[in-house]
1. Of the residues Val42, Val89, only one is among the hydrophobic types (A, V, I, L, M, F, W, C), under 29 Å from Ala182 (Cα atoms) and surrounded by 13 or more Cβ atoms within 10 Å (Cβ to Cβ); which?
2. Those residues that are touching a residue at least 24 places away in the same chain (Cβ under 8 Å), outside any strand (DSSP E or B), within 13 Å of the ligand (Cβ to nearest atom) and basic (Lys, Arg), I need them from the range 65-81; list them, please.
3. Does the range 55-71 contain at least one residue that is in contact with a Leu (Cβ under 6 Å, 6 or more places away or on another chain) and surrounded by fewer than 13 Cβ atoms within 10 Å (Cβ to Cβ)?
4. Would you kindly identify the helices (runs of 4 or more DSSP H) lying entirely within the range 87-202 that contain at least 3 residues that are more than 16 Å from the ligand (Cβ to nearest atom) and under 29 Å from Val49 (Cβ atoms)?
5. Could you look through the range 9-64, keep only residues that are part of a loop (DSSP other than H, G, I, E, B) and of a type in the set (Ser, Thr, Tyr), and pick out the one that is nearest to the ligand (Cβ to nearest atom)?
6. Please indicate, with yes or no, whether at least one residue in the range 79-98 is over 23 Å from His195 (Cβ atoms) and among the hydroxyl-bearing types (Ser, Thr, Tyr).
7. Within the bounds of the range 97-117, is there any residue that is in contact (Cβ under 8 Å) with a residue 12 or more places away in the chain and in contact with an Asp or Glu (Cβ under 8 Å, 6 or more places away or on another chain)?
Amino acid sequence: MALSPEEFYDHALAAADGERRLPLARMTGWDISPFEQDGLRVSPLRPPVLPETARHGEDPADCRNCRDRDEGIWFNDRWRLARVPGVGVPLVLMLYPRDHHDMADLPDELAAELGLLTTRIVRHMQALPHVSRAHVYRIGDGAAHLHVWFFARPEGQAQLYGSWLVVWDDLLPEYPADVADADAATVAGALIGSHGGRRDPA
Ligand SMILES: [Zn+2]
């Protein structure tokens, strides 16, 4: 059984200093780290918060991802794909089921299609000129309605390799929206070719 919240907190605190700060992560020593270790310090550990804060859309009646079921660049009857604006990397896409499901309660038919869609979206993003990789993330601590992230890594920018990419994305200036819109449209067209679906919600 996993450690209880109190046990986990005590376990972490045992490695922290008198201000409850852990030592710097190994990742900050990697040469792809966006931060230099000199002057950097870790936030003090906070005790567990129970019960946990409710996520957005736990009640489907208040869920923005249900309300926005017709927003996006590609659709079929079960899924929609949208471009996330205001990012620093060349393209960030988000895949949602059109009906209200979280990952753990996704019906088998949708789960199987998620595998196909994930593979095909990655393939089409990586086919874009000057995009080397599409990274896939599902986290789900903020919103209850399943949303899967696809992050395009720009070609040749070797500092942006790997798991720090989402932090670099937050640091970089906003990527030109017209370029991202055109690339998103290319991915949508390729996805219609490989998986079916359409550019309009209905
Ligand atoms: Zn929803």
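Here, each number is a calculation from the coordinates, and none is a lab measurement. Please read all numbers here as calculations on a predicted model, not as lab measurements. Heads up, the Cβs are rebuilt from the backbone with ideal geometry, glycines too, and the neighbour counts pull from every protein chain shown.
1. Val89
2. Arg69
3. Checking the range 55-71: not a single residue is in contact with a Leu (Cβ under 6 Å, 6 or more places away or on another chain) and surrounded by fewer than 13 Cβ atoms within 10 Å (Cβ to Cβ).
4. In the range 87-202, 165-171 are the helices (runs of 4 or more DSSP H) which contain 3 or more residues that are more than 16 Å from the ligand (Cβ to nearest atom) and under 29 Å from Val49 (Cβ atoms).
5. Top of the filtered list is Thr53.
6. No, every residue in the range 79-98 fails to be over 23 Å from His195 (Cβ atoms) and among the hydroxyl-bearing types (Ser, Thr, Tyr).
7. Yes: one or more hits.
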